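Taking it in order: structure first as structure tokens, then the write-up.
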């Protein structure tokens, strides 16, 4: 709060007459303004459409005629004042379409007299018309620090203890640190609400609460599907093959998590054949490193309104920075950054925003991007410095196919030793991991229809009835594999 008051004081000292404060914490904003007004012995007034214009604190009484719940009448009153008072207008954004209202704001902002009021516009979001942007100053409230988040959790725990006959909230230091880390990026009041939800049910903060916390947080932040929290982070034991990629990650885990590491790993691009396990590997990175997994959806990112797509991307990347350390997964990245001459330059601007963030970020966000058609990607995206390495996930070899069969059969409760894995691996030459899984699923359906137990022959039959992508799209797959042979590191 002290920093927010200090920043607001500096803006007022610069004699800017129009100040925009975007925040979800209206009460906290009003508290900061009240503290500053009292400190400076300034009169201050507030306006909203329900209560109209009201004087708060000390100073001359409000002397005005007309309906001051009308925003234009209230602004006309402010424009005529000749005292250095603060006028705080809450939620003026629905009225910004009025040309008269915009003109009144401009006249207040351009007032040259030293004894003139200062207008502060407070809203969760406020886009100023072009004619006002250079006349206004913007202030953003600071987000709570880790120490403040921990203090909020302790305060909510103490309140729970008071209401429950002195019983103490159960937790441990490791879980508490993770909760604090996962609360980054929310406001003070949002952090208090989320902490209260964690505690109120059973008086405990445990590891089982972390997924609930992250789902509640992303629901609260309302990223409109652009950025989502992925709960299902796979274990690498569930990923067949990729031995070289696994070793690469293991070698860099300490450097990423170490507080004193100067060269923090930045990310990887996983290119390869469709269904080869790239998305599963991306999930497994978060599982291996024990980090939250965020998924950026380019399909939800694009908006028909000019500028909204880039804004959505900036907000999503800022959220990822706030969640650090974490893993950010961009699936099928080529669909979002490949240039398209028919989109009025949106894809080019999105590409520029993403490239700038990748090059300049200082947060511990490990980027895992996957691509089916790597040749559509711009070369500046995959250069070293923005990403650490380009891995190619090829069709699995025989030994890896055996592992994949073992994983999918065991996950469905079958005794793996009842199956001839070498024969299944031989029969699935050219199959991707996804196609192998679907063959197992088809065998389960077939056996159930015949009221039989699933055996080796059911799986072989499903394989024989399947035409893998390596056959259907043979030329395209071979071209992709030839491209990667000399340009990428084989993940297996």
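A short reminder: the numbers here are calculations on the coordinates, not readings from a lab. No experiment lies behind these values; they were computed from the predicted model shown. Using ideal geometry, Cβ is built from the backbone for each residue, glycine included, and neighbour counts are taken over all protein chains shown.
With the cut-off at 1.5 for a/c, could you classify the stretch 398-440 from its C-alpha gyration tensor as rounded, prolate or oblate?
oblate
With both partners inside the chain, how many of the DSSP beta bridges are antiparallel, as a percent to the nearest 5?
If I count the DSSP bridges inside the chain, around 20 percent turn out antiparallel.
In what sequence, highest mean first, do 32-40, 467-475, 192-200 appear when ranked by Cβ atoms within 10 angstrom?
On the way: 32-40: 17.2, 467-475: 13.7, 192-200: 18.9.
In decreasing order of mean packing, 32-40, 467-475, 192-200 become 192-200, 32-40, 467-475.
With the cut-off at 1.5 for a/c, could you classify the stretch 2-140 from its C-alpha gyration tensor as rounded, prolate or oblate?
Details: a/c = 1.26, a/b = 1.10, b/c = 1.15.
Taking the square roots of the gyration eigenvalues as a ≥ b ≥ c, the stretch 2-140 is rounded.
Could you line up 419, 95, 392 from fewest to most neighbouring Cβ atoms inside 10 Å?
95, 419, 392
Let me know the shape class of the stretch 381-492, please: from the alpha-carbon gyration tensor, a ≥ b ≥ c as square roots of the eigenvalues, rounded when a/c is under 1.5, otherwise prolate if a/b is greater than b/c, or oblate.
It is prolate, given that a/c is not under 1.5 and a/b is the larger ratio.
Considering only C-alpha atoms, what is the centroid distance from the stretch 343-416 to the stretch 96-147, in Å?
43 Å
Stretched out fully, how many nm does the piece from residue 49 to residue 416 gain, at 0.36 nm a residue minus the Cα gap?
Length gained, residue 49 through residue 416: 125.2 nm.
Between residue 80 and residue 163, how many nm apart are label points set 7 Å from Cα along the C-beta direction?
Inter-label distance under the simple model: 5.0 nm.
Using Cβ contacts closer than 10 Å as the measure, can you line up 159, 170 from fewest to most?
Listed from fewest to most nearby Cβ atoms, that is 170, 159.
Using only the Cα atoms of the chain, each taken as one equal point scatterer with no solvent, compute I(q) by the Debye sum, divide by I(0), and report log10 of the ratio at q = 0.05, 0.12 Å⁻¹.
-0.29, -1.14
Separation of the stretch 244-304 and the stretch 423-492 by C-alpha centroid, Å?
Cα centres, the stretch 244-304 to the stretch 423-492: 26 Å.
If each residue of separation counts as 0.36 nm, what is the full-extension length gain between residue 155 and residue 124 once their alpha-carbon separation is subtracted?
Between residue 155 and residue 124, full extension yields an extra 8.5 nm.
Sort 428, 479 by Cβ crowding within 10 Å, fewest neighbours at the top.
Fewest to most other Cβ atoms nearby, the residues stand as 479, 428.
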